[in-house]
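Written below as structure tokens is the structure these notes are about.
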Amino acid sequence: ASLSLIRSVAKLKIEMVNELSRAITVNEMSFGAFMADRFYLFQEEKLDVPSDAVYDDITYGSQDDASQRLGIDIEGGESRVLVLYIYPSYAWTSGTTDSPYTIGFRTPNAVYPPLPFISGTNPYNYIARNTQVTIRALLHTDSNFELDFAAEDWGTATIDVPSFD
């Protein structure tokens, strides 16, 4: 028998690529105002986001407080992946020009200001449940980076469940 699993959340898979020749440490990662405070647990609408959802920006880590730093070390020419799970989001509604779907980074030597990973050139203005959003951040030089974005199916797996006889 086959069973479909539909997750209630979305997955952000963030790959940070250090294109510098020296190691860097990402101490802060910031996201624009697309983090919803609520969603429908069971699918009630296409995007599963109530019309009264409130969106907020969020910063993980702190450059200034050593006890709060992310401390993601990335050697020169290497990459690291971080995965976050978020509520579905419909933060970019019609009538607004700037995408709230942004990500930025901070290291001891540089601030990589927030850039949109979903913009007017992408066919999406939302993040649906059961979707994996892959963000690839290429950290070129101090304070200069670019993003790639892809919305994908979360993936499938075959699981062998033994009989309960």
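The values are calculated or read from the model by the stated rules, or taken from the named source; none is laboratory data. Being a predicted model, the structure only gives us computed values, none of them experimental. A quick note on method: Cβ atoms are made from the backbone with ideal geometry, for glycine too, and the neighbour counts reach across all protein chains shown. Just the protein is used for accessible areas: all its heavy atoms, side chains included, with ligands, DNA and RNA removed. Shrake-Rupley method; radii C 1.70, N 1.55, O 1.52, S 1.80 Å.
Only one of (1) modelled with pLDDT under 90; (2) over 11 Å from the mean Cα position of the chain (by Cα); (3) surrounded by 14 or more Cβ atoms within 10 Å (Cβ to Cβ); (4) in a strand (DSSP E or B) is not met by D148, so which one is it?
(3)
Scan segment 67-82 for residues that are in contact with an Asp or Glu (Cβ under 6 Å, 6 or more places away or on another chain) and either open to solvent by less than 60 Å² (accessible area, probe 1.4 Å) or among the polar types (S, T, N, Q) (or both) and jot them down.
Listed by number, the list holds a single entry, S79.
Filter segment 15-60 for residues that are assigned to a strand (DSSP E or B) and among the aromatic types (F, W, Y); which is farthest from R80 (Cα to Cα)?
Of everything passing the filter in segment 15-60, Y55 is farthest from R80 (Cα to Cα).
Can you name the condition, by its number, that F31 falls short on among (1) modelled with pLDDT of 90 or more; (2) among the aromatic types (F, W, Y); (3) open to solvent by 50 Å² or more (accessible area, probe 1.4 Å)?
Only one criterion is unmet by F31, namely (3).
Output the residue which, of all residues in segment 91-110 that are among the β-branched types (V, I, T) and at pLDDT below 85, is nearest to Y124 (Cα to Cα).
Filtering first and then ranking leaves T93.
Being at negative phi, hydroxyl-bearing (S, T, Y), surrounded by fewer than 19 Cβ atoms within 10 Å (Cβ to Cβ) and under 19 Å from the mean Cα position of the chain (by Cα) narrows it down to one residue among Y85, Y101; which is it?
Of the residues listed, the single one that is at negative phi, hydroxyl-bearing (S, T, Y), surrounded by fewer than 19 Cβ atoms within 10 Å (Cβ to Cβ) and under 19 Å from the mean Cα position of the chain (by Cα) is Y85.
So in segment 126-145, with the set limited to residues that are open to solvent by 30 Å² or more (accessible area, probe 1.4 Å) and not polar (S, T, N, Q), which one is farthest from A10 (Cα to Cα)?
Only one residue tops the list, namely D142.
Identify, by number, the condition in (1) open to solvent by 30 Å² or more (accessible area, probe 1.4 Å); (2) closer than 30 Å to A110 by Cα that F39 doesn't meet.
(2)
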